[in-house]
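Asker: Attaching a single structure in structure tokens format; questions to follow.
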Amino acid sequence: MPMKVSHITGVTKPRLTRSRELEMKTTLQELLFYIIFLTDLCILTFGMVSTDMFYLNKVMSTLFLDTPMSETDNADFKSIANVADFWKYAQGPLLDGLYWDLSYPSSSTFVHRNTSYIYYENLLLGVPQVRQLKIRNDTCSIYPSFRAFIKECYGPYRYLSEDKQPFGLKNDTEWWYSTAKSISLWHWGQIGIYSSGGFTFTLPKSKNASIEKLSYLKEEGWLTRGTRVVFIDFSMYNANVNLFCVVRLVLEFPATGGILPSWQFYSVKLLRYVTYYDYFLASCEVIFCLFILSFIIQEFIKMKTLKKEYVKSAWNWLDILLILLSVFAIAFNVYRTAEVARLMENLLSNSFAYPDFYFLAFWQTRYNNMISVNVFFAWIKIFKYISFNKTMTQLSSTLSRCAKDIIGFAIMFFIIFFAYAQLGYLVFGSQVDEFSTFQNCIFTQFRIVLGDFNFASIEEANRILGPIYFITFVFFVFFVLLNMFLAIINDTYSEVKADFSVIPSREFEISDLIRQSYNKALVKLKLKRASQTEDLYAARLSRDTAELEKELKNVNTKLDLIMKNVPEDTGSGDKKQK
């Protein structure tokens with residue numbers, strides 16, 4: 001380790017070289033600057049979410065998903081299996097939840113003629129919308145022998161197979177296909193990806209009028225054999241916690257028959273600046289923008305200085321990723337604020353229309369996911385500034401040294417892993433839900449490795465191949481391959497640790513720098529005498545000297561052993577050969 005020795009008042013003390021000290025001071029300053037940025041980012045991200053979001057989602061899901069059809073029928077939304085169940089749910093629990101009967105005294109609740117409150121506290125925004133997508137007849141091929149018996153054929157949903165022709169009475173919007181807005185999102189369901197158009201209608205403001213409309217559509221056959229999906233969309237706002245809850249209930253009609261229900265509840269904070277704490281978060285957002293601007297300038301300077309060497313560092317790529325995610329977050333914040341203002345203006349001007357908050361709620365949740373990834377990588381970046389730590393250096397050295405071995409092992413592992421996934425899909429796919437798709441098979445096998453499995457369902461699906469598949473998979477993957485993986489890392493770590501034991505560590509340089517700065521500050525504040533600082537330097541020097549003497553003794557001992565093992569006649573033999 002480079003070190004400079006100086007004498008102050010007759011006492012010898014070690015000091016770091018000027019270049020090394022300047023490097024460490026710069027690192028500490030960057031770390032302090034980055035910690036301030038990370039604190040600001042954490043305040044922003046935790047200000048976006050709250051436990052109220054979970055409770056609002058839970059309350060709404062309980063109301064619209066778990067409410068039974070009637071006092072005598074315990075079936076609910078999750079158990080809808082046919083068209084009759086759908087109409088029973090729509091005319092029962094759905095309308096009961098949307099048009100809540102107020103039991104509070106009118107003096108304590110703001111009751112307006114054209115407003116509806118769900119659970120007394122959640123204002124229903126505008127009116128709900130119901131939309132369906134249909135496909136055309138003859139969208140599948142019939143085997144020639146059955147064509148005499150089967151005259152109609154409706155295959156699975158495909159966008160090119162959509163039926164956009166008017167049907168039924170053709171006298172209102174529910175019988176005519178309407179194209180969605182360009183910004184509307186397609187829906188990724190359980191068995192298909194559905195477009196944003198369809199045959200739509202909105203429910204009236206009153207419960208009785210809604211019951212009459214649903215009864216009318218039921219009698220006229222609004223749902224047909226060509227129906228492949230029905231969406232029920234509505235939004236509400238809770239002023240107590242300043243949260244919007246956007247609900248989408250989905251009923252998919254597979255070509256096999258029956259109905260597959262699913263749902264989405266998005267509790268999001270779209271109105272950002274209401275309370276004093278929100279304005280504090282706004283100031284944090286301004287500080288965040290300044291940080292990102294400074295980071296962008298730093299990266300441009302670094303690119304100009306390092307040129308081609310810049311792309312060779314993984315930390316530089318991480319910096320670029322953080323900057324890109326942050327810039328996208330800032331742009332989305334600006335867009336979201338403007339779009340919410342526009343939607344609220346349209347809603348207040350026409351409360352009888354359906355307000356499409358689903359687009360904003362969907363992207364708000366994706367924005368939250370992106371920010372969570374950004375925070376994760378921001379915390380990981382701290383390792384860049386504490387790489388002087390011995391443990392961190394050993395970890396990074398271990399991973400880099402065994403990278404080739406791990407890549408070779410991964411190829412072998414995934415060959416066996418995907419072979420078992422293919423076997424499981426073909427053997428159990430038609431009977432076990434966890435193996436119904438190839439993707440499910442992959443995740444199910446990871447769960448088996450972690451100890452989460454359902455052996456009974458595998459055995460019921462195939463009493464012979466089920467146990468053979470399970471036992472051999474656990475043996476080869478869990479007992480053999482995973483232990484090989486751990487052995488690779490363990491052996492490499494042992495080698496790295498042995499190498500570091502004979503290489504002088506520079507870890508104490510940082511501690512020396514911090515201690516020196518601390519002691520100098522105390523001396524300037526007259527809280528400590530200079531002699532106390534010098535005593536610390538002397539103690540450090542004596543300890544380092546003792547360690548060096550010990551290392552020299554060990555080296556001398558090893559050299560003596562080597563010299564003893566060298567044959568004595570080696571030199572004479574060389575002379576004879578000459």
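The values are calculated or read from the model by the stated rules, or taken from the named source; none is laboratory data. Note that the coordinates shown come from a computational prediction; the quantities given were computed from them, not determined experimentally. Positions of Cβ are backbone-derived with ideal geometry, glycine not excepted, and every protein chain shown enters the neighbour counts. Ligands, DNA and RNA are stripped out before the accessible areas are found, and what is left, the full protein with its side chains, is counted by its heavy atoms. Shrake-Rupley method; radii C 1.70, N 1.55, O 1.52, S 1.80 Å.
Asker: Step by step: first the residues of the range 82-99, then only those that are open to solvent by 50 Å² or more (accessible area, probe 1.4 Å) and under 37 Å from the mean Cα position of the chain (by Cα), then the one that is farthest from L214 (Cα to Cα). Which residue is that?
Answerer: Among residues in the range 82-99 that are open to solvent by 50 Å² or more (accessible area, probe 1.4 Å) and under 37 Å from the mean Cα position of the chain (by Cα), the one farthest from L214 (Cα to Cα) is N82.
Asker: Between a first residue in the range 483-496 that is on the phi < 0 side of the Ramachandran plot and a second residue that is open to solvent by 70 Å² or more (accessible area, probe 1.4 Å) and of a type outside the set (F, W, Y), which pairs have beta carbons less than 6 Å apart while being 6 or more apart in sequence or on different chains?
Answerer: Close Cβ pairs satisfying both conditions: I488/D405; T492/R401.
Asker: Any residue in the range 417-440 that is on the phi < 0 side of the Ramachandran plot sitting within a Cβ distance under 9 Å of a residue that is of a type in the set (K, R) and assigned to a helix (DSSP H, G or I)? List the pairs, counting only those 6 or more apart or interchain.
Answerer: That search, which allows pairs on different chains as well, returns E434/R447.
Asker: Please give the strands (runs of 3 or more DSSP E) falling wholly within the range 220-317 in which 3 or more residues are out of contact with any helix residue (DSSP H, G or I) (no Cβ under 8 Å at 6 or more places or on another chain). Break it down into steps so the answer makes sense when it comes.
Answerer: Numbers: elements: 227-238, 243-252, 260-268.
Here the list reads 227-238, 260-268.
Asker: Oh, and also: Report yes if some residue within the range 210-230 is in contact (Cβ under 8 Å) with a residue 12 or more places away in the chain, farther than 23 Å from A81 by Cβ and touching a Phe, Trp or Tyr at 6+ places or on another chain (Cβ under 6 Å); otherwise report no.
Answerer: No, the range 210-230 has no match at all.
Asker: Looking at L306, L322, L270 in this structure, which one is among the aliphatic types (A, V, I, L, M) and either loosely packed, with under 13 Cβ neighbours inside 10 Å or modelled with pLDDT of 90 or more (or both)? Break it down stepwise before answering.
Answerer: Working: L306 fails: either loosely packed, with under 13 Cβ neighbours inside 10 Å or modelled with pLDDT of 90 or more (or both); L270 fails: either loosely packed, with under 13 Cβ neighbours inside 10 Å or modelled with pLDDT of 90 or more (or both).
Criteria check complete, one pass: L322.
Asker: Restricting attention to the range 193-219, report how many residues are of a type outside the set (S, T, Y), open to solvent by less than 30 Å² (accessible area, probe 1.4 Å) and either more than 21 Å from K170 (Cβ to Cβ) or part of a strand (DSSP E or B) (or both). Break it down into steps so the answer makes sense when it comes.
Answerer: Step one: filter the range 193-219 for residues of a type outside the set (S, T, Y), giving 193, 197-199, 201, 203-205, 207-209, 211-214, 217-219.
Keeping just the survivors that are open to solvent by less than 30 Å² (accessible area, probe 1.4 Å) gives 197-199, 201, 203, 214, 217.
Retained after the next criterion (residues that are either more than 21 Å from K170 (Cβ to Cβ) or part of a strand (DSSP E or B) (or both)): 198-199, 201.
Of the residues in that region, 3 qualify.
Asker: Now a separate question. Among the residues of the range 452-501 satisfying the criterion of being under 34 Å from the mean Cα position of the chain (by Cα) and not in a helix (DSSP H, G or I), which is surrounded by the fewest Cβ atoms within 10 Å (Cβ to Cβ)?
Answerer: The residue in question is D452.
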